[in-house]
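Below: the structure, in structure tokens.
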Amino acid sequence: MTELQYTNPYELLVAVLLSAQCTDARVNLVTPALFTRFPDPHALSCVTTAEILPYIQSVTFPNNKAAHLAKLGHVLMEKHGGSIPQSVEEIEKLPGCGHKTAEVVASVAFGIPAFPVDTHVFRVSNRIGLVSGKTVKEVEVQLKALFPKSEWSEGHHLLILHGRYTCKAQNPQCTSCVLATCCAYKAQMDMLPATVVGLKPRLGAYYCADCHQYCNQFIAITDENGLEQGSCPQCGSVHLHHTKTGKTAMKIRDFRV
């Protein structure tokens, strides 16, 4: 289950490599012409970075990725006989292939149980409260311990899709989310102070709900979760509101990376 378009392990490997910090939709726009010109590892091994670059110019970091692909073709031909290795460990040794790429290819192409953690999986699993990991590795370990091995690959893809279309990085769709009733992030959002109406922006950028004073600047403090919060310069309260919108200035961790 992936939104990348491919027909064989080679095409999947290339597509996943190109998708690093880039959308699947963008990758799917460039791969048809790329795969027509370089249909297999042998074709890729016979060209230079400069010859690959025009085909992937619109993806993120095209120069680096073109260089990786040029090297990838040589390595696949010289060390693997033109085939894609089937273990996470061997795929991870390929040019441009990190741990996440290796796990995705091993899982999708060869059915090897894996739980790759990308930005969506990291954000969503932490937000929902499935894990409490500070690093990608911690999240991967915790997710693998939480789910049966037979559900790792499907779990990975479901978390990606949920993060891509519902639990978005900047504007999570909490009101329409089917997991809202059991989501730790939504519970914290519901506990934030309500919007204050009738504020007067001309008196200051912020309004303190405790001492009822306006101010243009706050004092930055770090809360128990390591987040920077704004505190009132008059009374020290963190119950500040933006005067233009009336919304609270308090923050909760959203796990964006």
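Just so you know, all these numbers are worked out from the coordinates, no wet-lab data involved. What you see is a predicted model; the values in this text were computed from it and never measured. Positions of Cβ are generated from backbone atoms using ideal geometry, with glycine treated the same way; all protein chains shown enter the neighbour counts.
Remarks
- Normalised convex hull volume, the stretch 62-124, alpha-carbon set, Å³ per residue: 85 Å³
- By other beta-carbon atoms within 10 Å, ranking Cys46, Cys215, Cys167 with the fewest at the front produces Cys46, Cys215, Cys167.
- Computed log₁₀ I(q)/I(0) - Debye formula, equal Cα scatterers, no solvent, the stretch 114-191, q 0.14 Å⁻¹: -0.41
- The stretch 193-242 shape via C-alpha gyration tensor axes, a/c threshold 1.5: prolate
- On a per residue basis, the convex hull of the C-alpha atoms belonging to the stretch 1-136 measures out at 106 Å³.
- Mean shadow area of the chain, taken as a quarter of the surface of its Cα convex hull (nm²): 16.7 nm²
- Spatially proximal lysines relative to Lys71 (Cα-Cα < 18 Å; intrachain offsets below 8 disregarded): Lys79, Lys93
- Counting only alpha carbon atoms, the long axis of helix 24-37 and the longest principal axis of the chain meet at about 10°.
- 5 angstrom amide H check on Gln229, placed H, neighbours 5+ away: Ile221, Thr222, Asp223
- Note on the stretch 9-74 and the stretch 195-257: Cα centroid distance 47 Å, given to the nearest whole angstrom.
- Hydrodynamic radius of the stretch 140-257 by the Kirkwood approach over all distinct alpha-carbon pairs: 16.8 Å.
- Sum of -39500 (n - 2.57) over DSSP H runs of 4+, divided by residues of the chain (222 nm, nearest 500): -13000 deg cm²/dmol
- Relative contact order %, the stretch 9-110, counting alpha carbon pairs below 8 Å whose residues are six or more apart: 30 percent
- Shown for the chain: cysteine residues without a partner Cβ closer than 4.7 Å, namely Cys22, Cys46, Cys97, Cys167, Cys174, Cys177, Cys182, Cys183, Cys215.
- Amide H within-cut-off set for Ser237, under 5 Å, with H built and near neighbours excluded: Cys232
- Taking Lys and Arg as +1 and Asp and Glu as -1, the other residues whose beta-carbon sits under 13 Å from that of Lys79 total 0.
- In the stretch 124-164, the inverse of the mean reciprocal separation of distinct Cα atoms equals 10.3 Å; this is its Kirkwood hydrodynamic radius.
- Spacing of the two label points (7 Å from each Cα toward its C-beta) at Thr166 and Gln217, in nm: 4.4 nm
- Relative contact order of the chain: 12 percent, from C-alpha pairs under 8 Å at least 6 residues apart in sequence.
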